[in-house]
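Each reported figure results from applying straightforward, stated rules to the coordinates on display, with no laboratory input. Fair warning: this is a prediction, and the values are worked out from it, not measured in the lab. Every residue, glycine among them, receives a Cβ derived from its backbone with ideal geometry; neighbour counts consider all protein chains shown.
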Amino acid sequence: MAHIQLKNISKTFGNHTALTGLNLDIADGEFFVLLGETGAGKTTTLRMVAGLEKPSEGQVFIDGVDVANWGAAERDVALVLQQYSLYPRYTVRENLEFPLKSKIRRIEPDEIKTRVDRVARTLRIEHLLERKTDRLSGGEMQRVSIGRAIVRKPRVFLMDEPLSALDAKLREALRTELKNIQMNLGQTFLFVTHDQIEAMSMGDKVGVLNHGRIVQTGTPYEIYNNPRDTYVASFVGSPPMNLIDGKLVNGRAVMAPLNFELPFAGGAKTSGATDGRPLVFGIRPEDVYLESGAPVEARVHDVENHGVEKILTLRVGDAMLRATVPARTDVEIEQPVRFAWDPDKVVLFDKASGISLRHAG
Ligand SMILES: Nc1ncnc2c1ncn2[C@@H]1O[C@H](COP(=O)(O)OP(=O)(O)OP(=O)(O)O)[C@@H](O)[C@H]1O
Ligand SMILES: [Mg+2]
């Protein structure tokens, strides 16, 4: 059980500001992912919840209680790091038993064995229990680290990029497993990553952190489909959203300096989208399509084959635009093509502030 709240947290190191006015509300049992680029303040935020760092301003609440004066041990959180820290000369079983053997806990040996065996089964490391941990692969070691966190049943799990040192395949497998474990345990996870795919695939909620500020919090669906600003729009999604400068004129989107026009009927028109206002038009690559009679001509600049789909880079004048098309689409580099977009999927941003018109005001 744990409901975590961070209220108006700021953190400075000397004259460097790592976090500014940070507010987070993580519901009990939620898988919350904090997503941000390197240096955004992710680890600092985790350390603050863990009690390893004190905020310069603001408060941390666990289940409604201000924990300012609680040390790390009293907060009863488990921290899993990118670099696994196992005891190398001990076996996997000994590593898993270790957190249960502290004098204060006084857990019976039978109970310790039951818990270790159960965790080993969950993480599929039963066959490794008697092996020394320096004889394990990276993925196995990371499972043991996660096991060490789970075995002692903490109130909160804090995970600092635990999968980023693993190869792509293993990362994907552990992503699914970790998500399943969290659902089975029903416990609160605060998971930190710079990998947007990880964030979108695992999180019940995602908080996007940019230079120490939360830019947007929402479900992966909200973050993807309704990004608050051009930063979120270009950070989330692979390839990212196309962002094109232009303005609206009589129901058409007129792009400049990219010189083309596309129809822009009622659907996505938001209040504030007045004719002539400098805007940025955001369109996801999957909402750009090729069609022989479509309004705009472009050249195929690049083709990336991804199996089920192709990612095309289209060139209009000097500018580039990405389009995701079915793999069967037959195109060659430098071939002229015509494209259009799905106007209902366009997101409008104010050119000056970068904020989506749907989020403004
Ligand atoms: N103890 C410290 N002393 C001084 N500056 C620090 C300290 N800890 C963190 N910082 C600075 O605060 C900022 C945020 O650091 P933090 O480690 O939280 O980033 P991060 O989002 O975890 O980045 P990464 O993805 O690289 O791990 C960085 O600019 C970092 O240099
Ligand atoms: Mg970090």
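Apply 1/(1 + (r/R0)^6) to the Cβ-Cβ distance of Leu243 and Lys103, taking R0 = 45 Å, and write down the FRET efficiency to the nearest 0.05.
The formula returns an efficiency of 0.20 here.
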Please return the longest stretch of the chain lacking exposed loop sites, where GluC sites (Glu not before Pro) count only if DSSP places them in a loop and at most 15 other Cβ atoms lie within 10 Å.
-> 131-290
Contact order relative to length of the chain, as percent, for alpha carbon pairs under 8 angstrom and 6 or more apart = 16 percent
Under Karplus coefficients 6.51, -1.76 and 1.60, residue-wise ³J(HN,Hα) of the stretch 3-11 in Hz, glycine/proline x | 10, 10, 10, 10, 10, 6, 7, 10, 9
Contour minus Cα-Cα distance for Asp302 and Ala72 (0.36 nm per residue) = 77.6 nm
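Exactly which chymotrypsin sites (Phe, Trp or Tyr not before Pro) in the stretch 1-79 are in a DSSP loop and have at most 16 other Cβ atoms within 10 Å? Mind dumping the intermediate values first?
Values: sites: Phe13, Phe31, Phe32, Phe61, Trp70; in loops: Trp70.
Listed in order of number, the matching sites are Trp70.
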Would you please name the trypsin sites (Lys or Arg not before Pro) within the stretch 17-126 that are DSSP coil residues with at most 15 other C-beta atoms within 10 Å of their C-beta?
-> Arg89, Lys101, Lys103, Arg105, Arg106, Arg124
For the stretch 242-350, what relative contact order do you get, as a whole percent, if you take Cα pairs closer than 8 Å and at least 6 residues apart?
-> 31 percent
Taking H as built 1.01 Å from N, whose amide H comes closer than 5 Å to the amide H of Phe31, not counting residues under 5 places away?
-> Phe189, Asp204, Lys205
Built amide H within the under 5 Å cut-off of Met159, gap 5+ = Val80, Leu190, Phe191, Val192
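What is the local net charge at Ile355, summed over the other residues whose Cβ is closer than 11 Å to its Cβ (Lys, Arg +1; Asp, Glu -1)? Intermediate values should be presented prior to the final figure.
Numbers: positive: Arg228, Lys351, Arg358; negative: Asp229, Asp350.
Once all neighbours under 11 Å are counted, the net charge is +1.
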Length-normalised contact order of the stretch 267-318, Cα under 8 Å, at least 6 apart, in percent, tallies to 24 percent
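Is there a quick way to get the dipole size of the chain? I mean about its Cα centre, with the Cβ of Lys and Arg at +1 and of Asp and Glu at -1; what is the value in debye to the nearest 20?
1140 debye
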Using a cut-off of 12 Å between beta-carbons, work out the net charge of the residues near Thr133 (Lys and Arg +1, Asp and Glu -1, Thr133 not included).
-> +3
Calculated from backbone phi, Karplus (6.51, -1.76, 1.60) coupling profile of the stretch 223-237 in Hz, x at Gly/Pro | 5, 6, 8, 9, x, 5, 8, 5, 5, 4, 4, 8, 7, 9, x
Collect residues whose amide H, placed 1.01 Å from N in the peptide plane, falls under 5 Å from the amide H of Phe260; neighbours closer than 5 in sequence don't count.
-> Met255
